1. State yes or no: is V140 surrounded by 12 or more Cβ atoms within 10 Å (Cβ to Cβ), closer than 30 Å to I27 by Cβ and either in contact with a Pro (Cβ under 6 Å, 6 or more places away or on another chain) or in the same structural domain as F86 (by TED's automatic domain parsing) (or both)?
2. State whether one or more residues within segment 358-372 are in the same structural domain as D436 (by TED's automatic domain parsing), surrounded by fewer than 13 Cβ atoms within 10 Å (Cβ to Cβ), assigned to a helix (DSSP H, G or I) and modelled with pLDDT under 70.
3. Is it true that E428 is modelled with pLDDT of 75 or more and either of a type in the set (A, V, I, L, M, F, W, C) or surrounded by fewer than 16 Cβ atoms within 10 Å (Cβ to Cβ) (or both)?
4. So if I check each of I68, I44, I21, which one is in contact with a Gly (Cβ under 8 Å, 6 or more places away or on another chain) and either modelled with pLDDT of 75 or more or assigned by TED's automatic domain parsing to the domain that holds D157 (or both)?
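The values are calculated or read from the model by the stated rules, or taken from the named source; none is laboratory data. In this text, all values refer to a predicted model and were calculated from it rather than measured experimentally. Neighbour counts are summed over all protein chains in view; Cβ atoms, including those assigned to glycine, are modelled from backbone coordinates with ideal geometry.
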Amino acid sequence: MFRKFRFRSVKYKMLFGFSLIIFFILIIGGYMLFAAKKVNDETIYIVEEQVPVLISNQQIAYTLANRIGLARAYVTTGDPYYREMFDEYSEMAKQYATQMEEALVSTKFDPSAVNATYEWEESMVNDVFNEYDQGNHATVNKNMNKLIPLAEEMMKDFESWALSGEGSIKSSGDEVIVSGYTTVVVVCVITILVVVLGTFIALTTSRSITNSLVSVMEQMKRIAKGDLRIEPLVTNSKDEIGQLMQATNEMNHHSRELIQQIHFVSEKMNRESEELANAANEVKASSEQVAHTMIDIASGSESQANHIGNVSHMMGMFANKVADTTKNGEQIQQASNQVLDLTTEGSSLMKTSFVQMEMIDNIVHEAVEKVEGLDAHSKEISSLVLVIQDVAEQTNLLALNAAIEAARAGEHGKGFAVVADEVRKLAEQVSFSVTDITKIVDDIQRESSSVSTSLKNGYIDVAKGTNQIRTTRETFDQISSAVKEMVRHISGASSNLAEILTNTEEMNSSIQEVAAISEEAAAGVEQTSAQSQQSSSAMEEVAKSSTDLAKLAEQLDGFVRRFTI
């Protein structure tokens with residue numbers, strides 16, 4: 001089955017097989033979903049349409065029977081309770097009829113039977129109850145004999161419809177059961193097919209993988225035994241197994257080439273070991289000459305060590321000067337920091353003074369406004385005083401006229417004359433008081449004008465002081481910024497001096513190390529001279545080792561010959 005498809009990966013091959021299984025499982029699921037939906041639709045139809053219709057039919061028949069009994073009881077006893085119960089059962093019948101209409105909304109509902117109950121109810125009310133209330137008992141009995149059989153016939157119709165509905169519900173239930181059995185059988189058959197197909201796919205997949213792996217395993221066993229003459233594995237697969245077979249072929253090919261190269265190298269190493277022995281003899285002669293040269297270099301190294309010692313002493317003096325300069329820079333930085341702190345404190349105080357001057361400015365401004373308001377009120381008082389003075393003068397004239405009229409009246413006007421005289425005196429007192437008030441108000445106006453002028457002048461001075469403080473504050477801010485910048489530069493200079501001091505100390509240490517190294521170099525040159533002499537003897541050992549290397553090359557060639565290429 002899988003030979004028709006060339007997969008690039010074992011993963012895709014297995015995914016293809018499992019995809020087929022999943023496809024059939026999805027078919028099962030889809031069929032089960034379709035069957036479940038069908039059963040669900042049938043059940044919903046039974047529960048939401050057929051059962052409510054059946055219940056409504058039975059309840060309408062039940063209300064008809066009860067209403068017949070209540071009508072008979074009302075006609076017999078005349079008790080209003082039975083009339084009320086009749087109306088309640090009528091409302092219940094209407095509700096059941098409405099439920100039946102809603103349940104049968106998906107089908108064509110015949111409302112004639114329900115309308116017949118409404119007509120029967122209306123006839124019972126009009127032809128029985130109303131006639132009974134009017135005292136027409138003979139007519140009531142006659143109409144009752146007509147309506148009761150009609151109601152019993154309608155009850156039989158509703159009961160027959162209920163029986164028909166029960167049969168329909170039973171039939172629908174049987175269909176649901178048959179559909180369920182069919183679904184179970186189909187699912188079982190498809191499940192068996194999926195199991196068989198899954199087993200076939202699993203066997204086919206495993207066989208396609210294991211056959212290739214067995215071929216690779218046999219190939220690797222032959223390579224492990226040293227047989228490199230095997231034929232390459234042939235495969236058309238593009239998956240990991242095919243790649244493994246190709247990798248095995250490449251490994252066999254590269255191993256064959258490697259063995260051939262080792263054989264070639266071993267022969268070449270045998271030849272070159274002889275040349276190495278000859279070169280060792282030549283190096284021995286050169287080492288003796290190097291030993292004489294090292295003696296001359298040793299004397300020059302001692303002189304160089306003395307000069308470096310003098311340089312180290314001078315660098316120590318330079319480091320001391322740099323250290324003194326660094327201390328002075330640190331003192332300058334501390335003083336600059338103190339200046340910066342004082343400048344910051346002065347700037348803070350100037351900000352506080354500026355805020356206080358603004359508060360004073362606001363207070364003086366409010367005082368000027370209040371004094372100007374007082375001046376305006378005093379002017380209003382002056383206007384009122386003039387009005388009062390006019391009233392007093394008019395009152396005085398009226399009192400004078402009243403006194404004249406009282407004198408004309410003789411004895412009858414004496415009492416009125418006394419009152420007029422008192423009014424005149426009161427008017428004169430008011431006039432005198434108005435004069436005093438006018439004088440006081442004038443004084444207040446003069447004083448308020450003077451105070452207003454003084455406050456305005458003071459407000460101008462306060463505004464000038466506020467501007468000056470603002471300018472001073474800005475100056476302090478500029479000074480603070482300049483001092484901060486100066487402190488930053490001084491700090492940078494101190495850091496640079498400290499870094500120079502550190503570098504100077506490191507340089508001095510390095511010079512001392514160079515001096516020590518020079519001395520060690522002189523000693524090393526002497527040792528090198530001695531070692532050169534030792535190298536001469538070592539070259540003799542190298543020549544001997546070259547001979548041993550040639551023997552090892554012959555042994556390596558013997559091992560390579562074990563492989564069949």
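1. Here the answer is no, as V140 does not meet what is asked.
2. Taking every residue of segment 358-372 in turn, none turns out to be in the same structural domain as D436 (by TED's automatic domain parsing), surrounded by fewer than 13 Cβ atoms within 10 Å (Cβ to Cβ), assigned to a helix (DSSP H, G or I) and modelled with pLDDT under 70.
3. Spelling it out, E428 is indeed modelled with pLDDT of 75 or more and either of a type in the set (A, V, I, L, M, F, W, C) or surrounded by fewer than 16 Cβ atoms within 10 Å (Cβ to Cβ) (or both).
4. Working: I68 fails: in contact with a Gly (Cβ under 8 Å, 6 or more places away or on another chain); I44 fails: in contact with a Gly (Cβ under 8 Å, 6 or more places away or on another chain).
The conditions single out I21.
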